[in-house]
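Trainee: Once you've had a glance at the structure underneath, I'll fire off some questions.
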Amino acid sequence: MVRDVSDRDLDVVVFGATGVTGRRVAEYLTERAAETDLRWAAAARDTAKLERLLDEVGADPPEMIAADVSDSSALETMASRARVVLNLVGPYTLYGRPVIAACVAGGAHYADLTGEIQFVRRMIDEFDRPAAAAGVKIVEVCGFEALPADVMILLAAESARERWDEGLAAADLEVAVKPPGGLPHLSDGMSGGTFQSLAAVAGADDAGVILDPAALVDDVAVAAAVRRVSPIAVGPRRGSQSKVIAPMAPAAFINPAVIHRSAALIAVAEGRLPQPFRYREGVALGGSSASLPARLALAGLMSATQVGIRGIARARPTVREPVANLLARLGPSSGYGPAADRLADWRWTMALHARTTSGRALEVRLEADGHPGYLATARLFGEAGMLLAHDGATPERAGCLTPAAALGSDGVPRFERAGLRFSLAS
C-alpha cells in the first residue's frame, strides 16, 4: 500500500531540535527553506526552551510542535502531518521505538542518527514488514555513521557493475580528519548524547549483537558468508604511504553491519544474489617517519578503547550492566557537546579503495567540511530528510532500510550543498 501524503502540510519535522545536533539540523533547514519551497517544523517536549535555543543559532522554523516520546497521541499527530520525521531524541534504545511506531502508523518516513546496532536489529524485526506494507522508509544510522561510507560503497559497487559487470571483493575505507587550529578542546570529540548512547549499547541485554558484522543481514546463508569474509577488527594496522590505520571512532562496531545490510538489500531489490565482500575501515594517521612511534601509540590507545567496548559487550550481565551504568553516571550527559565556535573549521576526507572480484581497482573519495560528528552530520541529515520528502527523488523501496538502500545514488550531488563532495576516480 502506497501512503497518501498529498494532504500533508509539512515536508520535514525535526523532532528533538533542542539537542546539540538537533539545533544544527534546524539551522540548516532554515537556510534550505530560504532557497527552496521546503515546509518544515521543529518539535520538542518544551516549546519555550525550543524557541530560546533555536534563536541562539539563528534557526527559524515556521512552526514549533510540542511532542514527547511518552505521548503516543502527540507523536502520531506529528507524524500524520509530515512526509518525513527526523528523530534526534536519544539514546534510541531508550526513546526511539515510540517515534518509529508513530511514523509507521502515521505514514511518515523516518530517519535517525542511532549507532545502537542492537536497537536497529530489534526495529527491523518488529517494523520491517509493517513499514513496507505502509510504504514507509525507516532509515537508521543516517549521520556520519553510516551515510558517507554506505554511499561510497554504493557508488563503487554500481560503477563495478556498470563498467565490468562485476561485484566487489574488498573495500577499505580510510578517514582523515583535520581539526581547527589552536589547542584541542575536550568537547571536540564525543558529545554527551553519543557517550550515553555508547553506554546504553554496552549495557543492553543483547549487547553482543554489536560485535556481529552480519547483525542486520536477514538471510542466514548470506550472514554466515559475511561473518566469514569480513570480521570486525579493532587492532591498528599499517596503511599506504606510512599511514597508521586506527579503528574507526567513536566505535568500530557501527558501519560494518549497515554496509553489509545495504549490499544484501540492494542485491535482492535488483534481482541479484548478494555477494558478501571484505570491508575494513579506520582513521588514517599520517605523518613523517619521525612521528611513527607517536602515531602507533595513538592508534594503540584508540584500539584499546574499542577492545574495552568489545569486552563490556561480551561480559556477563552481572558485570556488563553495572559497568555500563557507571559509565553513564560518570560520563557527560545528553546536551553536552562541542562549542559552537569549534564546529565550522574542520576538514575531513574519506578514501575508499575497492577491488572487484577479478581484481580491478576502484577509488571513491569524499571531501567534507565541518565537524564530522555534529555540524557535518546535522547538514547531511537535514539534506537526507529533504530527499526523502521529495517524491521520486529516492528509490521505490520501503521497510527498514539503510541510508544507501533508502536514498540511492541519484541524489548524491545534493549533498554538496551540505558540504560533502563525493567523487569517483576514473
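The values are calculated or read from the model by the stated rules, or taken from the named source; none is laboratory data. This one's a predicted model, so the numbers in the text were calculated from it and none came from an experiment. Don't worry about glycine lacking a Cβ; one is built from the backbone with ideal geometry, like all the others, and counts go over all protein chains shown.
Trainee: Do we have Gly392 as without any contact (Cβ under 8 Å) to a residue 12 or more places away in the chain and either assigned by TED's automatic domain parsing to the domain that holds Phe119 or of a type in the set (A, V, I, L, M, F, W, C) (or both) here?
Mentor: Criteria met by Gly392.
Trainee: Oh, and also: Return the residue satisfying two criteria in turn: it lies in the range 360-372 and is small (Gly, Ala, Ser) and in contact with a helix residue (DSSP H, G or I) (Cβ under 6 Å, 6 or more places away or on another chain), and of such residues it is surrounded by the fewest Cβ atoms within 10 Å (Cβ to Cβ).
Mentor: Result: Gly370.
Trainee: Exactly one of these conditions fails for Thr356: (1) assigned by TED's automatic domain parsing to the domain that holds Pro338; (2) closer than 22 Å to Val175 by Cβ; (3) buried (at least 21 other Cβ atoms within 10 Å of the Cβ). Give me its number.
Mentor: (2)
Trainee: Select from the range 209-244 the residues that are of a type in the set (Lys, Arg) and over 21 Å from Glu116 (Cβ atoms) and write down the one among them that is modelled with the lowest pLDDT. Outline the logic, then answer.
Mentor: The first filter runs over the range 209-244 and keeps only residues of a type in the set (Lys, Arg), leaving 227-228, 237-238, 243.
Narrowing further to those that are over 21 Å from Glu116 (Cβ atoms): 228, 237-238, 243.
On the way: Arg228: 98, Arg237: 90, Arg238: 85, Lys243: 91.
Top of the filtered list is Arg238.
Trainee: What are the residues in the range 135-180 that are under 23 Å from Pro395 (Cα atoms), touching a Gly at 6+ places or on another chain (Cβ under 9 Å) and either surrounded by fewer than 19 Cβ atoms within 10 Å (Cβ to Cβ) or polar (S, T, N, Q) (or both), if any?
Mentor: Result: Gly135, Arg161.
Trainee: Scan the range 144-153 and tell me whether some residue there is of a type in the set (Val, Ile, Thr), assigned to a helix (DSSP H, G or I) and closer than 18 Å to Gly385 by Cα.
Mentor: So far as the range 144-153 goes, yes, one or more of its residues are of a type in the set (Val, Ile, Thr), assigned to a helix (DSSP H, G or I) and closer than 18 Å to Gly385 by Cα.
Trainee: Could you look through the range 343-365, keep only residues that are at pLDDT below 95 and out of contact with any His (no Cβ under 6 Å at 6 or more places or on another chain), and pick out the one that is nearest to Gln241 (Cα to Cα)? Outline the logic, then answer.
Mentor: First, the residues of the range 343-365 that are at pLDDT below 95: 343-346.
Okay, now just the ones that are also out of contact with any His (no Cβ under 6 Å at 6 or more places or on another chain), so 344-345.
Values: Ala344: 29, Asp345: 26 Å.
Out of the qualifying residues, it is Asp345.
Trainee: Pick from the range 396-426 the residues that are among the aliphatic types (A, V, I, L, M) and more than 16 Å from the chain's Cα centre (by Cα): which of them is nearest to His371 (Cα to Cα)?
Mentor: Of everything passing the filter in the range 396-426, Leu424 is nearest to His371 (Cα to Cα).
Trainee: Another question, then. How about the range 212-236: which of its residues are over 30 Å from Leu296 (Cβ atoms), surrounded by fewer than 17 Cβ atoms within 10 Å (Cβ to Cβ) and either small (Gly, Ala, Ser) or under 21 Å from the mean Cα position of the chain (by Cα) (or both)?
Mentor: Asp218, Ala221, Ala224
Trainee: Continuing with the same structure: Which residue, of Ala251, Ala284, is out of contact with any strand residue (DSSP E or B) (no Cβ under 6 Å at 6 or more places or on another chain), not assigned by TED's automatic domain parsing to the domain that holds Thr402 and not basic (Lys, Arg)? Break it down stepwise before answering.
Mentor: Values: Ala284 fails: out of contact with any strand residue (DSSP E or B) (no Cβ under 6 Å at 6 or more places or on another chain).
Of Ala251, Ala284, the one residue that is out of contact with any strand residue (DSSP E or B) (no Cβ under 6 Å at 6 or more places or on another chain), not assigned by TED's automatic domain parsing to the domain that holds Thr402 and not basic (Lys, Arg) is Ala251.
Trainee: Condition first: part of a loop (DSSP other than H, G, I, E, B), aliphatic (A, V, I, L, M) and closer than 16 Å to Phe119 by Cα. Now tell me which residues in the range 251-280 satisfy that.
Mentor: Ala251, Ile254
Trainee: Considering only residues that are farther than 14 Å from Val268 by Cα and either in contact with a strand residue (DSSP E or B) (Cβ under 8 Å, 6 or more places away or on another chain) or not charged (D, E, K, R) (or both), which ones fall in the range 204-219?
Mentor: Ala204, Ala207, Gly208, Val209, Ile210, Leu211, Pro213, Ala214, Ala215, Leu216
Trainee: Among the residues of the range 5-26, write down those that are part of a loop (DSSP other than H, G, I, E, B) and either touching a helix residue (DSSP H, G or I) at 6+ places or on another chain (Cβ under 7 Å) or in contact (Cβ under 8 Å) with a residue 40 or more places away in the chain (or both).
Mentor: Of the residues in the range 5-26, the ones part of a loop (DSSP other than H, G, I, E, B) are 5-9, 16-19.
Within the range 5-26, Val5, Arg8, Asp9, Gly16, Ala17, Thr18, Gly19 qualify.
Trainee: Of everything in the range 373-395 that's assigned to a loop (DSSP other than H, G, I, E, B) and either among the β-branched types (Val, Ile, Thr) or more than 16 Å from the chain's Cα centre (by Cα) (or both), which residue is surrounded by the most Cβ atoms within 10 Å (Cβ to Cβ)?
Mentor: Thr394
Trainee: Is it the case that some residue within the range 396-416 is acidic (Asp, Glu) and surrounded by 23 or more Cβ atoms within 10 Å (Cβ to Cβ)?
Mentor: No, the range 396-416 contains no residue that is acidic (Asp, Glu) and surrounded by 23 or more Cβ atoms within 10 Å (Cβ to Cβ).
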